[in-house]
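The values are calculated or read from the model by the stated rules, or taken from the named source; none is laboratory data. Here the structure is a predicted model, which means the values were calculated and not measured. Here the Cβ positions follow ideal geometry from the backbone for every residue, glycine too, while neighbour counts run over all protein chains shown.
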Amino acid sequence: MNKTFILNLGANMASFLLSVLFSMWLTPFVIKNLGVEAFGFVHLTQNMINYFSIITVALSAVVVRFFSVSAHRGAHDEARGYMNTYIVSSLALSVFLFLPLVGTVFLIDSIIRVPSGLLGDVQTALLIGSLLFLLTFFMSGFAAGPFFANKIYITSTIQAVQMLIRVVSVLCIFSWFAPKIWHIQLAALIAAVSACVLSIIFFKKLIPWFSFRIKDMSFKKCRKLLQAGGWSSISQIGVLLFLQIDLMVANVMLGVSESGMYAAIIQFPLLIRTMSGTLAAVFSPTITLYYSRGDKEGLVRYANQAVRFNGIVLALPAALLGGLAGPFLTLWLGPSFEHLKWLLLIHAGYLVVSLSPAPLFYIFTAYNKLKTPALTTVAFGAVNLLLAIALSGPAGLGLYGIAIAGAAALMLKNVVFTPIYASKITGERKRVFYKGVYAPLAGASFALAVCFAIQFFFPVDSLLSLIMTGLVATGAYVLFAYFVMLTKDERLAVSAKLKTLRSSASLPFQKGFFK
């Protein structure tokens, strides 16, 4: 673990923790002030807008890859061409998409169930959310700078600043005006504008040889991006069927109230998925670099380590979420939500295994082998949708049916297909990328057992007892991870790193820094 990796990881984790704190504060605040039905629309409206990402992802998903590979190979003119092509194309596409987005605003009550008293607020939230979506689309290309320089911590720091600005904006708007659903989207838009400015500034600092020139826009490069990104668009259909369809199914099949409750419950499983994505992004520049150099052996070795590390880190929060679901929901949202603890446990349980292989997705991107993953993602996304409808409605399982459907489909996609296909395109044996999955599963099971054991002997009915239980389970997990999950070489590497950090920390004292 070098300094850059630690910086990237630390910044990503800080951004994630800010997201957790924001969700913990915002969710009960909105439910208390606006009601559980209104809270459901906070996320449902943005989910509906995100359906348009099927179109935008064709450009945004691949420009970073093409820019970085060209730049790593010293082809700066080619890299400049890709970036300028993206800037011009994203602006043109944003103008094109604005009309259908506005159309969705006026037709929203024909698509989903919206109480008449909330219709105006929901429409305003959709309009502001549309502007936020288009700005985020334009801004995503500038992540190519930190990605190429392997300074992902810059992107994560910008995201953390964006989250802080969003929190401050929400606090100010809610203090000055009566709370509305669309106020949350307005705060997000203000934060996104700030983040966009920072992204452009840092891109220029990291890529000093870049200059924006419209004449560098190339239709040939645009076609190449769209051809490669076309499969990303198809894949995005599947991603949306996995991540953005749950609330829609809950709203249509079970009603506004059930949808609002599910929106509250799904917050932390979604944050764990976000955490998985940010962790995987830490490994992506190095995976791309190995591919650019033609070092397949190094790529496979590094990707395997990434899967293992990703799973070990994710196992703890997932286990804590599932193991302490009952007292957490009671203290966070109130006793009326405690009965949904098993729903939270289902989500936490399957995420441990299904999210560990996330770094392997970047092998598909590096090799530009996106067709099969795209079609597979759509297929399993369709399975998720059909199962969610069948289990929540006709089978009578309600919200639990939606969660079970998501678990089955995501496990098939990420645990069965992803490692096998990654081994195929790298020319390795089929089981080579499964090494990193077993240890996180064992660690999560251990942490889950510790949480249940503590609750069996001691009541966890206050914030202090919840925190203490979490700390004890975390300490036990760290010891279990060090002595059981890590290999001998990994333990030696961790010990050496800790000794280095202790030496660095004691250096100021040895030099009389505080005299």
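Based on this model, can you work out whether A263 counts as modelled with pLDDT under 85, surrounded by 22 or more Cβ atoms within 10 Å (Cβ to Cβ), in contact with a His (Cβ under 7 Å, 6 or more places away or on another chain) and of a type outside the set (S, T, Y)? Don't jump to the end; show me each part of the working.
Working: modelled with pLDDT under 85: yes; surrounded by 22 or more Cβ atoms within 10 Å (Cβ to Cβ): yes; in contact with a His (Cβ under 7 Å, 6 or more places away or on another chain): yes; of a type outside the set (S, T, Y): yes.
For A263, the condition - modelled with pLDDT under 85, surrounded by 22 or more Cβ atoms within 10 Å (Cβ to Cβ), in contact with a His (Cβ under 7 Å, 6 or more places away or on another chain) and of a type outside the set (S, T, Y) - is met.
Considering only the stretch 284-361, give the helices (runs of 4 or more DSSP H) lying wholly within it that have at least 2 residues that are in contact (Cβ under 8 Å) with a residue 40 or more places away in the chain and more than 24 Å from V415 (Cβ to Cβ).
325-333
Please verify whether S110 is under 20 Å from S284 (Cβ atoms) and among the polar types (S, T, N, Q), treating the condition exactly as stated.
no
Please enumerate the residues belonging to the stretch 166-212 that are part of a loop (DSSP other than H, G, I, E, B), without any contact (Cβ under 8 Å) to a residue 40 or more places away in the chain and within 19 Å of A125 (Cα to Cα).
F177, A178, listed by residue number.
Going residue by residue through the stretch 230-241, is there one that turns out to be more than 24 Å from the chain's Cα centre (by Cα) and over 15 Å from L399 (Cα atoms)?
No; the residues of the stretch 230-241 include none that is more than 24 Å from the chain's Cα centre (by Cα) and over 15 Å from L399 (Cα atoms).
Please go through the stretch 155-165 and give me each residue that is of a type in the set (A, V, I, L, M, F, W, C) and touching a residue at least 60 places away in the same chain (Cβ under 8 Å), ordered by number.
A160, M163, L164 - these are the residues of the stretch 155-165 that are of a type in the set (A, V, I, L, M, F, W, C) and touching a residue at least 60 places away in the same chain (Cβ under 8 Å).
Identify all residues within the stretch 347-376 that are aliphatic (A, V, I, L, M) and surrounded by 20 or more Cβ atoms within 10 Å (Cβ to Cβ); write none if there are none.
A348, L351, V352, V353, L355, A358, L360, I363, A366, L370, A374
Answer with yes or no whether L399 is out of contact with any Pro (no Cβ under 7 Å at 6 or more places or on another chain) and surrounded by fewer than 15 Cβ atoms within 10 Å (Cβ to Cβ).
no
Which one is farthest from A71 (Cα to Cα) among residues in the stretch 199-209 that are crowded, with 18+ Cβ neighbours inside 10 Å and among the hydrophobic types (A, V, I, L, M, F, W, C)?
F202
Just to be sure before I move on: is P269 modelled with pLDDT of 80 or more and crowded, with 19+ Cβ neighbours inside 10 Å in the structure I sent? So that I can check it myself, show each step before the final result.
Values: modelled with pLDDT of 80 or more: yes; crowded, with 19+ Cβ neighbours inside 10 Å: yes.
Taking the combined requirement at face value, the residue satisfies it.
When the stretch 213-237 is examined, which residues are found to be surrounded by fewer than 15 Cβ atoms within 10 Å (Cβ to Cβ) and not in a loop (DSSP other than H, G, I, E, B)?
Going through the stretch 213-237, the residues surrounded by fewer than 15 Cβ atoms within 10 Å (Cβ to Cβ) turn out to be 213-215, 219-220, 223, 227.
Passing the criteria: I214, K215, F219, K220, R223, Q227.
Conditions tested, residue by residue: (1) over 30 Å from V168 (Cα atoms); (2) at pLDDT below 75.
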site	(1), (2)
S15	no, yes
L18	no, no
M24	no, no
V30	no, yes
E37	no, yes
S53	no, yes
A71	yes, no
A75	yes, no
T104	no, no
